[in-house]
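The structure under discussion appears below in the form of structure tokens.
The values are calculated or read from the model by the stated rules, or taken from the named source; none is laboratory data. Keep in mind that what you see is a predicted model, and the values were worked out from it rather than measured. Heads up, the Cβs are rebuilt from the backbone with ideal geometry, glycines too, and the neighbour counts pull from every protein chain shown. Accessible surface is based on the protein model in full, side chains and every heavy atom, while ligands, DNA and RNA are left aside. Shrake-Rupley method; radii C 1.70, N 1.55, O 1.52, S 1.80 Å.
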Amino acid sequence: MASGYGLQGGPSRCFPFWQEVLACYVVNTSAEDDSGKKKCAPVLEDYYECLHHKKEAARVRALQNAYRKAEASSARENAPNAGQIRNLGLLGKEEDTKQVLGR
């Protein structure tokens, strides 16, 4: 986890964030007083985001949902109907195929 070594032997992707968390804890806490941990909450949140990507995944889901909603609300122009799609490329339906393709 926080060893600092990645899969290829170099520093792991989240190791810099872990170093920031440790630095914050060293500066803001002592053996007798742990009240400084609250100051490290944003740094710890960044580290967790690096590990798990929960905020990023939530944002991607929201964007995908908004895109799908926008696509569903607007009708496509020149969209073929079901009959045209069924006839496309079948024998004896060359006229329908030409009409759909605009040739």
inquiry  = open to solvent by less than 100 Å² (accessible area, probe 1.4 Å), touching a residue at least 12 places away in the same chain (Cβ under 8 Å) and not small (Gly, Ala, Ser): which single residue out of Glu45, Glu49, Glu20 fits that description?
reply    = Glu20
query = So which helices (runs of 4 or more DSSP H) stay within the stretch 19-87 end to end and still have 2 or more residues that are within 30 Å of Lys98 (Cβ to Cβ)?
reply = 82-87
query = Say we look at the stretch 88-99 and pick out the residues that are at pLDDT below 70 and part of a helix (DSSP H, G or I); which of these is nearest to the chain's Cα centre (by Cα)?
reply = Thr97
task = Report whether or not Gly102 is modelled with pLDDT under 70, open to solvent by less than 70 Å² (accessible area, probe 1.4 Å) and over 30 Å from Leu44 (Cα atoms).
result = no
